[in-house]
Amino acid sequence: EGGWLDAETGDAQAQVYMLQGVILEAQEGGWLIEDAAQGEVLVLVSDETVMETGYELAVGDYVYVDYDGTMTRSLPPQVTAGRIVSHKLEGDVLETYPAENALLLYASDGNEYRVNLPAAWAETGFDAQRAIVYYDGAATLSIPPQVSAGLVVAEYAVEDVITELSETSMTLGEGDGAVTVDFDPALLPEDLVAGDAVRVTYNDVTAGTAAEPERVVAVEIVKISA
């Protein structure tokens, strides 16, 4: 009762339940996540929790959580994770396949991946130059390998000359085509000055559209010429 039988041995195995979603907040002893079916759930981590991630988890990351089915009736409900999985690919979009809701990604590890997108992208299509792909670590043995994404973060890029530069923002270009870039000072290349040309990668647009932004929040700034 409350489990399943192994097909080969007949041994009873504990049933595993799963949540998946974006980390909303880091809390003492765990993370608050937004699960599509359950809503907000506090995921607690114990000494027995197995972590299968290639990086330190943070707000905005997408995770897959295995637990034993026990969920408190508190607000928000709480579970204790048996395993937390999160894998991430980041890179350039080489091709998109709108009819199949998929794209071909050249990742930072030097490999190409066919990424099956979440259903939400089927309505709008994917038009970004770069992407961050969160998935559960499973990939087919095909060439290229295929992964099914739980979350895809679109990243766009703009290249232009810096016309104004302060400690936390810069303006690229002039006139109607100018773009204001807000950034964390840690992202700024050394010795960058007005007149340098840069490539700014962003995924947050605060005015305009992703294709024609007026103000963006940088996730990467690369100096391409002086």
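Residues in region 126-136: is at least one charged (D, E, K, R), under 18 Å from V16 (Cβ atoms) and touching a residue at least 60 places away in the same chain (Cβ under 8 Å)?
Initial filter on region 126-136 (charged (D, E, K, R)): 127, 130, 136.
From what is left, the residues that are under 18 Å from V16 (Cβ atoms) are 136.
Next cut, touching a residue at least 60 places away in the same chain (Cβ under 8 Å) only: 136.
Yes, region 126-136 has at least one match.
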Which of the residues spanning region 22-36 are part of a strand (DSSP E or B) and without any contact (Cβ under 8 Å) to a residue 40 or more places away in the chain? L24, E25, A26, Q27, W31, I33, E34, D35
Tally the residues that are free of Cβ contacts under 8 Å to residues at least 12 places away in the same chain and within 20 Å of E90 (Cβ to Cβ), restricting the search to region 206-220. 0
Within region 109-120, restricting to residues that are more than 14 Å from the chain's Cα centre (by Cα) and touching a residue at least 12 places away in the same chain (Cβ under 8 Å), the one that is surrounded by the most Cβ atoms within 10 Å (Cβ to Cβ) is Y113
Might you check whether a residue that is within 30 Å of T124 (Cα to Cα), in contact with a Pro (Cβ under 9 Å, 6 or more places away or on another chain) and open to solvent by 70 Å² or more (accessible area, probe 1.4 Å) occurs anywhere in region 53-75? no
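Looking only at residues in region 76-90 that are open to solvent by 50 Å² or more (accessible area, probe 1.4 Å) and under 19 Å from the mean Cα position of the chain (by Cα), which one is nearest to V50 (Cα to Cα)? Break it down stepwise before answering.
So in region 76-90, the residues open to solvent by 50 Å² or more (accessible area, probe 1.4 Å) come out as 78, 80, 83, 87-88, 90.
Still in the running and under 19 Å from the mean Cα position of the chain (by Cα): 87-88, 90.
Working: H87: 14, K88: 18, E90: 24 Å.
My answer is H87.
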Of (1) of a type in the set (A, V, I, L, M, F, W, C); (2) outside any loop (DSSP other than H, G, I, E, B); (3) closer than 30 Å to L141 by Cβ, L57 satisfies every one except (2)
Does L24 fit the bill of being open to solvent by 80 Å² or more (accessible area, probe 1.4 Å) and modelled with pLDDT of 95 or more? no
Unmet criterion (only one of (1) closer than 30 Å to T124 by Cα; (2) of a type outside the set (A, V, I, L, M, F, W, C); (3) modelled with pLDDT of 95 or more) for D92: (3)
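Take the conditions assigned to a strand (DSSP E or B) and either over 12 Å from G21 (Cα atoms) or modelled with pLDDT under 95 (or both) and apply them to T72. Does it pass?
Numbers: assigned to a strand (DSSP E or B): no; either over 12 Å from G21 (Cα atoms) or modelled with pLDDT under 95 (or both): yes.
No, not satisfied.
Hey, among A149, A197, A207, A178, which residue is small (G, A, S) and within 30 Å of Q20 (Cβ to Cβ)?
Working: A197 fails: within 30 Å of Q20 (Cβ to Cβ); A207 fails: within 30 Å of Q20 (Cβ to Cβ); A178 fails: within 30 Å of Q20 (Cβ to Cβ).
The unique qualifying residue is A149.
Please list, ordered by residue number, the strands (runs of 3 or more DSSP E) wholly in region 125-209 having 3 or more residues that are modelled with pLDDT of 95 or more and open to solvent by 50 Å² or more (accessible area, probe 1.4 Å).
Hits in region 125-209: 146-165.
The values are calculated or read from the model by the stated rules, or taken from the named source; none is laboratory data. Note that the coordinates shown come from a computational prediction; the quantities given were computed from them, not determined experimentally. Don't worry about glycine lacking a Cβ; one is built from the backbone with ideal geometry, like all the others, and counts go over all protein chains shown. Please note that ligands, DNA and RNA were not included when accessible areas were found on the heavy atoms of the full protein model with its side chains. Shrake-Rupley method; radii C 1.70, N 1.55, O 1.52, S 1.80 Å.
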